[in-house]
1. Contact list please: Cβ distance under 8 Å, first residue in segment 143-162 and without any contact (Cβ under 8 Å) to a residue 12 or more places away in the chain, second residue not in a loop (DSSP other than H, G, I, E, B), pairs at least six apart or on different chains.
2. Can you pull out the residues in segment 67-102 that are in a loop (DSSP other than H, G, I, E, B) and out of contact with any strand residue (DSSP E or B) (no Cβ under 9 Å at 6 or more places or on another chain)?
3. Residue by residue through segment 47-57, note down the ones that are surrounded by 21 or more Cβ atoms within 10 Å (Cβ to Cβ) and in contact with a helix residue (DSSP H, G or I) (Cβ under 8 Å, 6 or more places away or on another chain).
4. Looking at residue 62 and the list (1) closer than 30 Å to residue 162 by Cα; (2) crowded, with 19+ Cβ neighbours inside 10 Å; (3) at pLDDT below 90; (4) in contact with a strand residue (DSSP E or B) (Cβ under 6 Å, 6 or more places away or on another chain), which single condition is not satisfied?
5. Tell me, which strands (runs of 3 or more DSSP E) wholly within segment 165-243 include 2 or more residues that are surrounded by fewer than 20 Cβ atoms within 10 Å (Cβ to Cβ) and at positive phi?
6. Quick one: in segment 147-158, which of the residues that are closer than 21 Å to residue 191 by Cβ and touching a helix residue (DSSP H, G or I) at 6+ places or on another chain (Cβ under 6 Å) is surrounded by the fewest Cβ atoms within 10 Å (Cβ to Cβ)?
7. Residue 257 fails exactly one of the following numbered conditions: (1) surrounded by 16 or more Cβ atoms within 10 Å (Cβ to Cβ); (2) in contact (Cβ under 8 Å) with a residue 24 or more places away in the chain; (3) assigned to a helix (DSSP H, G or I). What is the number of that condition?
8. Kindly provide the set of residues from segment 79-122 that are over 26 Å from residue 208 (Cα atoms) and at pLDDT below 90, ordered by number.
């Protein structure tokens, strides 16, 4: 393995073995193709503590969404281990993985609402899928989840009648329908206007507190994500290049981290794609 140009900070060692970890990732390696010269992840270690909102930041192509798919068991790691609530997901049978997923909620980037179902039926879908609750109890649960995101009055609308912000909130209500211990957010703020974004940010914090869940947020929206996160990991070149509290990340001295957090064009990540000098190409 090539030597990393990033230094492992002391904070990376302090968080290695906390007693209150819900999700533990150890020496994670992953490649979409085993013959791939540069793995997407190489030796990644992460801890997600119970009750925390943890942000995963990184440039496009750094593997953030892939990491969520690995955590949810949609993809299998090439090497290393992923434990959720003490369960090594690579070692369990499909039916047990299905049961484990019942304790997870996921908010997809697209919202992924079922277009032929009403708002009510979209939120009810995972409850019907995973439980045999009587209809009266199911209805109460759905209405409470919709009330939590401010959309109880929209229960009979179809997805085509919703704004982008409303659709994302319905998807959030569906993600928490079964009171999950772990909620995975894939770019929850993308495409949202300032009002919808502010509402979603407040909902993420409130839901995390009420459910006492662990929330993992993958996002490109640096300022918004840092404002609600308890802890942050930054990914680059298949590794964790920085981690800490939002304040610690903002004060990080690494040129790459400063460039990413501040959104600067010039820095370790080049603005120009490699090319020969322009004067050699001009007539």
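1. Filtered contacts from segment 143-162: 152/143; 152/146.
2. Correct list: 74, 92, 93, 102.
3. Hits for segment 47-57 are 53, 55, 56, 57.
4. The number of the failed condition is (1).
5. none
6. If we take residues in segment 147-158 being closer than 21 Å to residue 191 by Cβ and touching a helix residue (DSSP H, G or I) at 6+ places or on another chain (Cβ under 6 Å), then 157 is surrounded by the fewest Cβ atoms within 10 Å (Cβ to Cβ).
7. Tallying (1) surrounded by 16 or more Cβ atoms within 10 Å (Cβ to Cβ); (2) in contact (Cβ under 8 Å) with a residue 24 or more places away in the chain; (3) assigned to a helix (DSSP H, G or I), residue 257 fails exactly one: (2).
8. 90, 91, 92, 93, 94, 95
The values are calculated or read from the model by the stated rules, or taken from the named source; none is laboratory data. Note that the coordinates shown come from a computational prediction; the quantities given were computed from them, not determined experimentally. Please note: Cβ atoms are built from the backbone with ideal geometry, for glycine as well, and neighbour counts cover all protein chains shown.
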